[in-house]
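Worksheet for the structure shown next.
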Amino acid sequence: MGKIISGITSLLLLGGIGIALWYFLGKPENLSEAKDGLGDAYNKTKDQIDKFDFGDVLEDLSDLDWGQFFNDDPFAGNTTVTLWDEQFIERDDGGLQLTLVNSLSADWQEEFEVAVADWSMSDALTLDVVVEPVDDAWDNDKKCKRQDDKMVVCNGNFGDTGWVGINENEVMGGRIISSVAKMNEYYLNKADFDHRRFTMCHEIGHGFGLPHTDENPYNKNLNDCLDYTDNPSSNVLPGEVNMIKLQEVYLATEREKRLLRRVENKDGSVTETIGWMINEDEAEASSL
């Protein structure tokens, strides 16, 4: 009895599948129409897959105006340095102490290593690199997942966004607490080494809290990677101007210290408030 019920159930299931397939193929009345319907279904399915194929990248970059990619830069117009939280700064011992998470695919390792070596020339940066093994099957969100207290550097095909690279700093109380630097494969996959190196240097620089040095991509290059440019061949290094900025904000020097207030207490003790001067209008105060 059980075998009979099982057989009936199988027949009903197969019948249901057959009816569904018949509708899917356009209700063919003979084998020829069924073949045509199968071909149409294949083409429609392929078209839908192609629409959502994010593996596409720009192949011809010869006529591309790289200056346009700065139009939607979130750092545009900002001329001030945003510091990392004080817990990451040793002003008398190496400046900013920061871990960079290398979440990049194999074909981005050279650009990353060169950029880290270039920025490490600053005595205001003490950088530690942690390699995050990346699976090519991971989506962009997983590869670029934010990590507390670190800067994640990643690449992915983010599509025709209008930006070749972007940095997203998480700020709390006016200070950076985490950062993600993204390289957009849609534009950079077929780009030359200078454009890729410039973008890597640029976004990591924003990750340290640095602003742009110039925002006109069509004027003369300033020889630093935080200068907007349409031709980055001479703008692939951090540049002296950014090295100086890092020293001014992340290292303690006598020139930067300023006595803001001195109070003589009733018990005879003295409380002094010392400011680490970041610029003429801003001071980070600490009481001694």
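Computed from the coordinates by the stated procedures, all read-outs in this text should not be read as laboratory data. Predicted model only: the values in this text are computed from it and were never measured. For neighbour counting, all protein chains shown are included, and Cβ atoms are generated from backbone atoms with ideal geometry for every residue, glycine included.
Simple rule: put +1 on each Lys or Arg Cβ and -1 on each Asp or Glu Cβ in region 77-224, find the dipole, and look at TRP163, MET200, SER105; the Cα lying farthest toward the positive end is TRP163. With 0.36 nm allotted per residue and the present C-alpha distance subtracted, the SER233-ASP160 stretch has 23.9 nm of extension available.
Counting Lys +1, Arg +1, Asp -1, Glu -1, what net charge surrounds SER234 among other residues with beta carbon under 11 Å of its beta carbon? Net of charged neighbours comes to -2. Placing a label point 7 Å from the Cα of SER105 along the Cα-to-Cβ direction, the residues of region 182-207 with a backbone N closer than 18 Å are 182-197, 199-200. Length gained on full extension, ASP135 to ALA76, computed as 0.36 nm times the residue gap minus the Cα-Cα distance: 17.9 nm.
Note on region 140-154 and region 178-208: Cα centroid distance 14 Å, given to the nearest whole angstrom. Beta bridges assigned by DSSP with both partners in region 129-245 are antiparallel in approximately 55 percent of cases.
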